[in-house]
Amino acid sequence: MDISWLKSMLQTTDPLFPIGSYAHSYGMEELCAQGVVHDQSTLLKYIETSLHLNLRTFELPYLRFAYDANLADDFTLLSELDQEIGAAKPSREIRQASASQGKQRLRLISKLRPTPRFARLAELQERKQITPHHLSIFAAENVDLETPLSATLTAWAYQAIAAPCAASLKLIRIGQEGAQLVLTQALENLQSLIDDSMSVDREYAGAFLPTIDIASDRHERAFARLFIS
């Protein structure tokens, strides 16, 4: 089994990789301020409802679409998908977080492992044909590394689920052990989450998450904040 892609994927999905993920809570800071998330059980409920829904019906399907577009070197389709990803994020903070991390990932990957694909993406960015959003660049990077689609989807889903657990350490009284207990429980259905996402067509991909969008909009106007989003 060829796992030559693994070392690079581990490097760029590690929290040490400086794309600013640690600075974002994606609306959860405001949910904590409102008391919606305040302990282990409510954190797990938030992940298993809102976050899992977003992964199952939006992020994982669009990651697959972007992966296939990169695999086919169809940059026109990738540009369309990138625009749709941005349009599906009504909250300005969350949209800007996605754009900021996408641009930083593209800039850093282009510096660490320059390839024609990343050069083309940088050119599309300069022409304002892509933002690029984080999902788009994550897909492009893993196609370039020849990471299998299943591993790409798993890595993205893990990052998305681990992020609120990491943020919770700063926002609620939970402790590292408590956060790990929540993460372990939240990952139990990871494979079924990925399997379900494979049946979502582009025409029907998307997630309606007003609780997170409203929390993010409120967070933008908060008097004090620990996180950018």
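A short reminder: the numbers here are calculations on the coordinates, not readings from a lab. This structure is a prediction, so every number in the text was calculated from the model and none was measured. Positions of Cβ are backbone-derived with ideal geometry, glycine not excepted, and every protein chain shown enters the neighbour counts.
Using the alpha-carbon centroid of each, what span in Å lies between the stretch 153-229 and the stretch 37-59?
6
Which of M9, M198, M28, M1 has the fewest other C-beta atoms within 10 Å, and how do the rest follow up to the most?
Result, fewest neighbours first: M1, M198, M9, M28.
Using only Cα atoms and rounding to the nearest 10 degrees, what angle (0 to 90) does helix 75-87 make with the longest principal axis of the chain?
Taking Cα atoms only, the helix is inclined about 20 degrees.
With a sphere of radius 15 Å drawn around the Cβ of E93, what net charge do the other residues whose Cβ falls strictly inside it have (Lys, Arg +1; Asp, Glu -1)?
Around E93, the surrounding residues sum to +1.
Where in the chain lies the longest segment free of chymotrypsin sites (Phe, Trp or Tyr not before Pro) that are both loop residues by DSSP (not H, G, I, E, B) and have at most 15 other Cβ atoms within 10 Å?
1-207
Structure shown: which of K103/K170; K7/K89; K7/K111; K7/K103; K7/K128; K45/K111 lie over 29 Å apart, alpha-carbon to alpha-carbon?
K7/K89; K7/K128; K45/K111
Explain nothing, just the number: relative contact order of the stretch 64-198, from Cα pairs under 8 Å at least 6 residues apart, as a whole percent.
25
Restricting to DSSP H runs of at least four residues, report the calculated mean residue ellipticity at 222 nm for the chain, -39500 (n - 2.57) per run over all residues, nearest 500 deg cm²/dmol.
It lands at -19500 deg cm²/dmol.
How about the stretch 77-170: which trypsin sites (Lys or Arg not before Pro) there are in a DSSP loop, with at most 13 other Cβ atoms within 10 Å of their Cβ?
R127, K128
Round to the nearest 10 and give me the degree value, 0 to 90, for the angle of helix 175-186's Cα axis relative to the longest principal axis of the chain.
60
Label points 7 Å out from Cα along the Cβ direction at E177 and S110: separation in nm?
4.7
Roughly how big is the stretch 53-118's charge dipole about its Cα centre, with Cβ charges of +1 (Lys, Arg) and -1 (Asp, Glu), in debye to the nearest 20?
440
Counting other C-beta atoms within 10 Å, which of L171, L108 has the fewest, and how do the rest follow?
L108, L171
Gain in length, D195 to K45, computed as 0.36 nm per residue apart minus the alpha-carbon separation, to one decimal in nm?
51.9 nm
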